[in-house]
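The values are calculated or read from the model by the stated rules, or taken from the named source; none is laboratory data. Bear in mind that the values here come from a model prediction, so they are computed numbers and not experimental data. Every residue, glycine as well, gets a Cβ built from its backbone with ideal geometry; the counts of neighbours run over all protein chains shown. Only protein heavy atoms, including side chains, enter the accessible area calculation; ligands, DNA and RNA are left aside. Shrake-Rupley method; radii C 1.70, N 1.55, O 1.52, S 1.80 Å.
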Amino acid sequence: MGRRSWVGAGLGAALVGAVGVGLLVAPAGAAAAPVLPPVSPEDLVSSVIAADAPPLGGEVEVDNALGLPAVPGVPQLANGTSAIRVWSGGDGRGRVALPSADGERTLVSDGTTRWAYDSRDRTATRAPAGEGPDRAADTQDPTTAATQAVATLRQSSTVTVDGTAEVAGRAAYQLVLTPLPTERTLLREVRVAVDAETRLPLQLTVLAQGSGDPALQVGFSEIAYGPQDPALFTFTPPPGTTVEDAPARDEARPEGERQGTTVGDGWDRVVIGQAPAPEEGQARPEGAPDLSTLGTPISGPWGTGRVITTAVATVIVTDDGRIAAGAVPQQVLTEALAR
Amino acid sequence: MTALATRTPTRTTAPLGRLAAAEVRWVLRRPRTLVLLALLALVPVALGVGIALTGGPGGDGDGDGPGLVAQVAGNGLVLPIAALGLALTLLLPLTVATASADAIAGEAAHGTLRGLLLAPVGRARLVVMKAAGVVTVAVLAVLVVAVVGVLTGLVVVGGPGGTMITLSGTTLGLGEALGRVALVAGWTVVQLLAVAAVALAVSAFTEHPLVVLAAVLGGLIVFGVLAAIPSLEWLQPLLLTSGWGAGTDALRDPLPLGDLVSSTLRALVYVVLGAAVTVVRMRRRDG
């Protein structure tokens, strides 16, 4: 009897272990592609552009394999996976939380004022709505990110609706933008998953040449439509907080100087700009990364400089202060510089 | 049903409650248990006094102190959560591992386990009784850190009118803040129970208490090393320690429950496995 129950207990424990490990390790599992009525790419794109962002709350997962150098303070830019919590209340009201291991950056917009709160040094930065002190919200929010990509990339690409997918439990159309064969670009494909019902872009996937895994995937891992708690969209600086006003946009970003020229259009567009001149008593403008230590040296008929390559883009910084950047191979950049 | 009705009033086994109470009294009379609990009470006090003396937030540079400690300045109700997080890395597991080591391996080393094994108490009941002592120590240890942390936070560090400032920049009232502390305390107890279950399983296999301590602390260090190796990222969901950062989530607003729930489930799997191994081993043990 002892031996039998012994075996039984062992089997039970093994079963619990197996089930527990399965629950912990197994991903959500790829559901079968939902069946949706067919839609033309034009209709889908226009409905995306026309659709208003409904009130929603959710979690956005950023899977980043761009190969960017790490920028302090913005861990979301470095390679890896990070989760962002977003709430949108419509009418320009929203809240974004960028959690880190022992802190959090919170961005709140109540429609008239934008707040950026950093728990590490307990500072709150205030700016009038419309010109945020931090562009992280614009670049990370899949809604805006995907809408911008659709609008700008449409002229030089084949746009197809390639089946359906399930994203964050929602049935979605897969809008696929592929560069035309004449485009010389590092990008292979851009996929946007669009919610079949609300026409909200749910996921943006960027695939680069020569790699099967996405270079960048930004998308909801959880989403719940519906009215959100209005308290989420107000921000009162807690006691002990340093409140600063964000510098006005034209001060921080001189007009014209950084505007730059573009060479080519579509996927192989190259932007050539002028690096900001170092100011008196300051090595470089605050916040601008030090480019002089990045990349590998390169020279050509256009001069000498350094080239920085990532999975989806190439940047050349010349020694005379010009910057050329684009989602293109290095050769296209040097041609544009030599022009 | 009929078996219950015809049961004779004379007992053939000791009631479980009395056994557990006897074990708890026995555990709490051990000087080392009391010393460890007193040392744990010093953790929040030392943190609170240190922070109160060095000044407020942003006083001397940013990002000083490990983890949440920098958040405690001028925000006393964060102190219990920061102290629990700090103690969970080594001190709290050490406490429950000591209790687990004494529970079975310690008795075996003294030769008193044989008497317990010969007593008319089922082996499963013996394990339950021993576990009751360990669970008591785990709960008491967490309570000591949490209660002393709240008191030190309110009295020594102080805060904006008995409120807690979350990482998200919102302000919580005293009641909700205490609720968050209680949540972290309960979550910490479950994590400690996972450590205790594994420690009891090791304890059931050896008669040297030091082996249990070495196994638990060594295991924690190995888990930490494994979690730091990028190519072993797939191993992360299996490691108990990889969920131990989730206590910080209690300081976010709105409260994200995802990581707290998943780390609790992971700990429960460890509890079930450790308890099963302990029971199976104790059934065959003879001294």
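For B:GLU176, all conditions in the list (1) charged (D, E, K, R); (2) open to solvent by 40 Å² or more (accessible area, probe 1.4 Å); (3) at pLDDT below 90 hold save one; what is the number of the exception?
All conditions are met except number (3).
Scan the range A:84-110 for residues that are within 11 Å of chain B (Cβ to nearest Cβ) and of a type in the set (Asp, Glu) and report the count.
2
Does any residue in the range A:159-181 that is assigned to a strand (DSSP E or B) come within less than 6 Å, Cβ to Cβ, of a residue that is acidic (Asp, Glu) six or more places away or on a different chain, and which pairs are these?
Close Cβ pairs satisfying both conditions: A:ARG170/A:ASP195; A:ALA172/A:ASP195; A:GLN174/A:ASP162; A:VAL176/A:ASP162; A:THR178/A:GLU189.
Condition first: farther than 20 Å from B:LEU34 by Cβ, polar (S, T, N, Q) and crowded, with 17+ Cβ neighbours inside 10 Å. Now tell me which residues in the range B:85-136 satisfy that.
Those that are farther than 20 Å from B:LEU34 by Cβ, polar (S, T, N, Q) and crowded, with 17+ Cβ neighbours inside 10 Å: none in the range B:85-136.
Condition check: open to solvent by less than 20 Å² (accessible area, probe 1.4 Å), at the interface with chain A (Cβ under 10 Å from one of its Cβ atoms), of a type in the set (A, V, I, L, M, F, W, C) and touching a residue at least 12 places away in the same chain (Cβ under 8 Å). Does B:LEU167 satisfy that?
Against the criterion (open to solvent by less than 20 Å² (accessible area, probe 1.4 Å), at the interface with chain A (Cβ under 10 Å from one of its Cβ atoms), of a type in the set (A, V, I, L, M, F, W, C) and touching a residue at least 12 places away in the same chain (Cβ under 8 Å)), B:LEU167 qualifies.
Among B:ALA227, B:ALA194, B:ALA199, B:ALA204, which is the only one that is more than 29 Å from B:LYS130 (Cα to Cα), open to solvent by less than 40 Å² (accessible area, probe 1.4 Å) and either touching a residue at least 40 places away in the same chain (Cβ under 8 Å) or among the hydrophobic types (A, V, I, L, M, F, W, C) (or both)?
Checking each option against the conditions leaves just B:ALA227.
Taking the residues in the range A:221-250 that are of a type in the set (Val, Ile, Thr) and part of a strand (DSSP E or B) as candidates, determine which candidate is least open to solvent (accessible area, probe 1.4 Å).
For the range A:221-250, the residue satisfying everything is A:ILE223.
How about the range B:171-287: which helices (runs of 4 or more DSSP H) wholly inside it have at least 3 residues that are hydroxyl-bearing (Ser, Thr, Tyr) and within 13 Å of chain A (Cβ to nearest Cβ)?
B:258-284
Scan the range A:293-325 for residues that are of a type in the set (Gly, Ala, Ser), surrounded by fewer than 18 Cβ atoms within 10 Å (Cβ to Cβ) and touching a residue at least 40 places away in the same chain (Cβ under 8 Å) and jot them down.
A:GLY321
Listed here are the residues, each with its yes/no results for (1) open to solvent by 50 Å² or more (accessible area, probe 1.4 Å); (2) within 19 Å of B:VAL222 (Cα to Cα); (3) among the basic types (Lys, Arg).
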{"site": "B:LEU238", "(1), (2), (3)": "yes, yes, no"}
{"site": "B:GLY243", "(1), (2), (3)": "no, yes, no"}
{"site": "B:ASP249", "(1), (2), (3)": "no, no, no"}
{"site": "B:ARG252", "(1), (2), (3)": "no, no, yes"}
{"site": "B:LEU257", "(1), (2), (3)": "yes, no, no"}
{"site": "B:LEU260", "(1), (2), (3)": "no, no, no"}
{"site": "B:SER263", "(1), (2), (3)": "no, yes, no"}
{"site": "B:LEU268", "(1), (2), (3)": "yes, no, no"}
{"site": "B:GLY274", "(1), (2), (3)": "no, yes, no"}
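Quick check: anything in the range A:134-157 in a strand (DSSP E or B), more than 14 Å from chain B (Cβ to nearest Cβ), surrounded by fewer than 17 Cβ atoms within 10 Å (Cβ to Cβ) and at pLDDT below 85? Can you show your working first?
Applying the first criterion (in a strand (DSSP E or B)) to the range A:134-157 yields A:157.
Filter once more, so that each one left must be more than 14 Å from chain B (Cβ to nearest Cβ): A:157.
Narrowing further to those that are surrounded by fewer than 17 Cβ atoms within 10 Å (Cβ to Cβ): none.
Within the range A:134-157, none of the residues are in a strand (DSSP E or B), more than 14 Å from chain B (Cβ to nearest Cβ), surrounded by fewer than 17 Cβ atoms within 10 Å (Cβ to Cβ) and at pLDDT below 85.
So which residues in the range A:88-112 are in contact (Cβ under 8 Å) with a residue 40 or more places away in the chain and open to solvent by 30 Å² or more (accessible area, probe 1.4 Å), if there are any at all?
Result: A:ARG93, A:ASP110, A:GLY111.
When you check A:GLY12 against the structure, is it within 12 Å of chain B (Cβ to nearest Cβ), modelled with pLDDT under 75 and open to solvent by less than 60 Å² (accessible area, probe 1.4 Å), yes or no?
yes
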